[in-house]
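Written below as structure tokens is the structure these notes are about.
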Amino acid sequence: MIYDDAVNEIISNVKNSTMDVDKNSVSKMLEIIQEVDKVFITGLGRSGLVAKAFAMRLMHLGLTVYVVGETITPAIGPKDCLIAISGSGETSYILSTTGIAHGIGSKIIAITSYPDSNLGKKSDLIVELKGRTKVDNEPDYIKRQISGEHQTLSPLGTLFEVSALIFLDSLISQLMHDMGQTEKDLKARHTVLE
């Protein structure tokens, strides 16, 4: 079944992508998150869902965190950071948001598959997560066959988005350790209005 092949391909690619992340970038990202006053997170589409999941976990850790675009999100300042999640690094809304934050003097952390993208160029720190994004498709069948590049079984940006989710959840585990937090501490901040 294609299903079995897809599961194996996605798991293999996500493991490779997340294990290949530069550990210096991870350390610097952890440092920035803990030293700023507020953390702002942005992403669109499925990357936006990953961003919201990460924001929720940061809130569970007791950090002051906001998702860009929500009605309760305050102004960003120079003692804050913006974490922008974009596989391509070329999403216009993300670039506009990072441009504003950059102009204010906020730290910008990019999580992308393309460090040389416009997002990467605007960022103080780039965390590269290798993965296929929507811009990777070679539409010409003959060129793909000659080059030996066969289309992946995972659609659009799946590899990037799943890798980003796993990377960011792993970062939460490290932050829990660094901040002396336990699951009990996180649970105490979990919503009770469900």
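Structure notes:
- Cα-Cα over 31 Å, subset of Lys28/Lys52; Lys23/Lys121; Lys28/Lys184; Lys52/Lys121; Lys122/Lys187; Lys122/Lys184: Lys122/Lys187; Lys122/Lys184
- Bridgeable aspartates and glutamates around Lys79 (alpha carbons under 13 Å apart, same-chain partners fewer than 8 residues away excluded): Glu35, Asp37.
- Note on Glu35 and Ser12: with the Förster distance fixed at 30 Å, the Cβ-Cβ geometry gives a FRET efficiency of about 0.25.
- Between Ile2 and Glu194, full extension at 0.36 nm per residue minus the direct alpha carbon distance yields a gain of 65.4 nm.
- Efficiency of FRET between Ser92 and Glu70 - r from beta-carbon atoms, R0 30 angstrom, step 0.05: 0.95
- Tilt relative to the chain, helix 158-179 - C-alpha long axis, 0 to 90 degrees, to 10: 30 degrees
- In the context of the full set of protein chains, residues of the chain present 56 Å² of accessible surface per residue (probe radius 1.4 Å, heavy atoms only).
- Theoretical gain in end-to-end length, Lys23 to Lys52 [0.36 nm per residue, Cα-Cα removed]: 8.1 nm
- Projected label distance in nm at Lys184 and Ile104, using a 7 Å step from Cα toward the beta-carbon: 3.7 nm
- With a 1.4 Å probe rolled over the protein heavy atoms of all chains, the accessible area of Asp178, Asp20 falls in the order Asp20, Asp178, largest first.
- The listed peptides 183-190, 21-28, 44-51, 64-71, ordered by packing as a protection proxy, come out as 44-51, 64-71, 21-28, 183-190 (highest mean of other Cβ atoms within 10 Å first).
- Here the chain is treated with +1 on each Lys and Arg Cβ and -1 on each Asp and Glu Cβ, and its dipole about the Cα centre works out to around 340 debye.
- Degrees between helix 92-104 axis and first principal axis of the chain (Cα, 0 to 90, nearest 10): 40 degrees
- Fraction of alpha-carbon pairs over 22 Å apart in the chain - percent: 49 percent
- Taking the accessible area of the chain, probe 1.4 Å, and keeping the other protein chains in place, the carbon and sulfur fraction comes to 55%.
The values are calculated or read from the model by the stated rules, or taken from the named source; none is laboratory data. Just so it is clear, the structure is predicted and the values come from calculations on it, not from any experiment. Glycine also receives a Cβ, built like all others from the backbone with ideal geometry; neighbour counts cover every protein chain displayed. Just so you know, the surface numbers come from the protein's heavy atoms only, side chains and all, with ligands and any DNA or RNA stripped out. Shrake-Rupley method; radii C 1.70, N 1.55, O 1.52, S 1.80 Å.
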